[in-house]
Structure formats: structure tokens, C-alpha cells
């Protein structure tokens with residue numbers, strides 16, 4: 001964890017540089033749930049406090065344990081001066097638009113929920129926003145704001161899938177969160193797709209041959 005504390009301070013470099021360029025409210029944006037076969041894609045936008053405080057340990061959510069993410073999720077929500085916007089694109093939107101467009105839609109919705117923002121740092125490829133923006137490849141490991149957003153998005157989506165498991169216990173969403181694990185695929189073949197499954201993703205599509213294909217597991 002000591003290394004992550006150092007990294008958390010280094011992660012503020014992009015935000016501090018943008019402050020010197022005259023921007024005040026820099027939003028980091030990231031998503032969770034592009035690859036799963038089921039459930040929405042969730043995006044989060046985070047503007048750190050004006051003094052750029054960030055809880056020690058904030059880092060790329062994929063490199064944190066579930067317990068660490070949960071702890072940091074709560075710390076971020078209680079941080080004075082922070083802004084957090086969370087939004088999703090539904091399974092229906094994913095099937096209609098394709099996963100990339102649906103992800104960008106969720107990201108724009110998350111930014112629109114912020115009270116103040118004048119610049120966007122987004123993880124991955126460029127996204128069109130109403131504000132000036134910059135994309136950072138692997139930004140969840142390079143920007144504190146994006147790293148914070150990755151934690152918020154990941155924990156939010158995981159909790160949504162845990163709630164879905166109560167309605168659809170036969171799929172064990174609480175264990176795999178909708179990703180195409182061997183156990184999920186086994187249950188999907190046994191019980192067939194639910195209303196939460198993305199019908200345009202190939203493993204689901206193969207069980208529904210009349211539905212057009214637009215996505216695969218390696219997105």
C-alpha cells in the first residue's frame with residue numbers, strides 16, 4: 001500500500017498542470033462493465049476538491065481488492081468538496097447503439113450530473129463532450145481523478161449486479177458480476193438469457209439466433 005500512496009500523489013500531475021492552464025474543475029471519467037454479458041455499463045465522473053485532496057490509496061480500481069475499493073468508495077463520498085456524478089447505459093441501449101456508443105453515452109451523462117466542470121480527463125480513447133477534454137490511455141493508473149472515477153464506477157456496478165442476483169439467483173451474478181466466466185456461461189446455457197443479458201453479445205446471441213450481433217467478450 002505504501003507504493004500506492006506515492007502513486008496517488010504522482011497521479012495528481014495532470015490535474016495540477018491543467019490548473020496552471022486556467023482550468024478549475026477537472027473531471028476524471030471512467031467506466032465499468034464494457035465486457036460483461038449482462039447488466040448495464042456504468043460511468044463515473046469525479047472532480048476532486050479545490051485543494052486536490054485525494055484519499056491515500058486511490059489507484060486503478062483493477063489493482064485494488066474488493067475490500068479496498070469499498071473502503072475508498074466510502075472515503076471518496078465523504079471527502080469535503082468532491083463532486084461525483086454516476087450514470088449508466090442500459091442493456092437495451094447497449095444492444096441498440098453498440099457497447100462503445102453506449103459507454104460514451106453513460107460517460108456524458110455522468111459529466112452532466114456534475115455541478116461544476118470545465119475540463120474532462122477521460123480514460124481510454126477520445127470521447128466527445130460539451131467541455132474541452134483529453135483522453136489518457138490507461139488513465140486510471142495515471143490520473144487521480146480518473147482513478148477515483150474508476151473506483152466509483154466499479155463499486156457502483158458491482159453492487160448493482162449483487163442486487164440483480166437477488167432477482168435472478170440462477171445466474172450467480174454476485175460472483176462474476178455478469179462477466180463471461182465458465183460458471184456464468186454454464187448457467188446461461190442451462191437457463192437461457194434473462195432480461196439483463198446483452199442480446200447482441202455473441203455468447204448470448206448464439207442462444208437467440210434472430211438477434212443481430214454487435215459485440216464480443218474481448219471488448
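Only one of the numbered conditions (1) surrounded by 14 or more Cβ atoms within 10 Å (Cβ to Cβ); (2) in contact (Cβ under 8 Å) with a residue 24 or more places away in the chain is violated by residue 71, and that is (2).
Rundown of residues vs (1) loosely packed, with under 15 Cβ neighbours inside 10 Å; (2) assigned to a loop (DSSP other than H, G, I, E, B), yes/no style:
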position	(1), (2)
126	yes, yes
145	no, no
157	no, no
162	yes, no
184	no, no
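In this entry, residue 59 passes the filter for residues that are in a loop (DSSP other than H, G, I, E, B) and crowded, with 18+ Cβ neighbours inside 10 Å.
Checked against (1) surrounded by 18 or more Cβ atoms within 10 Å (Cβ to Cβ); (2) in contact with a strand residue (DSSP E or B) (Cβ under 8 Å, 6 or more places away or on another chain); (3) modelled with pLDDT of 95 or more; (4) under 30 Å from residue 82 (Cβ atoms), residue 201 meets all criteria but (4). All conditions in (1) surrounded by 13 or more Cβ atoms within 10 Å (Cβ to Cβ); (2) closer than 20 Å to residue 141 by Cα; (3) touching a residue at least 12 places away in the same chain (Cβ under 8 Å) hold for residue 66, with the sole exception of (1).
Scanning the stretch 75-98 for residues that are part of a loop (DSSP other than H, G, I, E, B), in contact (Cβ under 8 Å) with a residue 12 or more places away in the chain and more than 12 Å from residue 198 (Cα to Cα) yields a count of 4.
Quick grid of which residues meet (1) modelled with pLDDT of 95 or more; (2) surrounded by 17 or more Cβ atoms within 10 Å (Cβ to Cβ); (3) over 29 Å from residue 164 (Cα atoms):
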{"site": "5", "(1), (2), (3)": "no, no, yes"}
{"site": "27", "(1), (2), (3)": "yes, yes, yes"}
{"site": "40", "(1), (2), (3)": "yes, yes, no"}
{"site": "43", "(1), (2), (3)": "yes, yes, no"}
{"site": "85", "(1), (2), (3)": "yes, yes, no"}
{"site": "88", "(1), (2), (3)": "yes, yes, no"}
{"site": "91", "(1), (2), (3)": "yes, yes, no"}
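Here residue 105 passes the criteria (1) in contact with a helix residue (DSSP H, G or I) (Cβ under 7 Å, 6 or more places away or on another chain); (2) in a helix (DSSP H, G or I); (3) farther than 17 Å from residue 153 by Cα except the one numbered (3).
For residue 214, the conditions (1) at pLDDT 95 or above; (2) crowded, with 17+ Cβ neighbours inside 10 Å are fulfilled apart from (1).
The values are calculated or read from the model by the stated rules, or taken from the named source; none is laboratory data. Given the structure is predicted, the values throughout are model-derived calculations rather than measurements. Every residue, glycine as well, gets a Cβ built from its backbone with ideal geometry; the counts of neighbours run over all protein chains shown.
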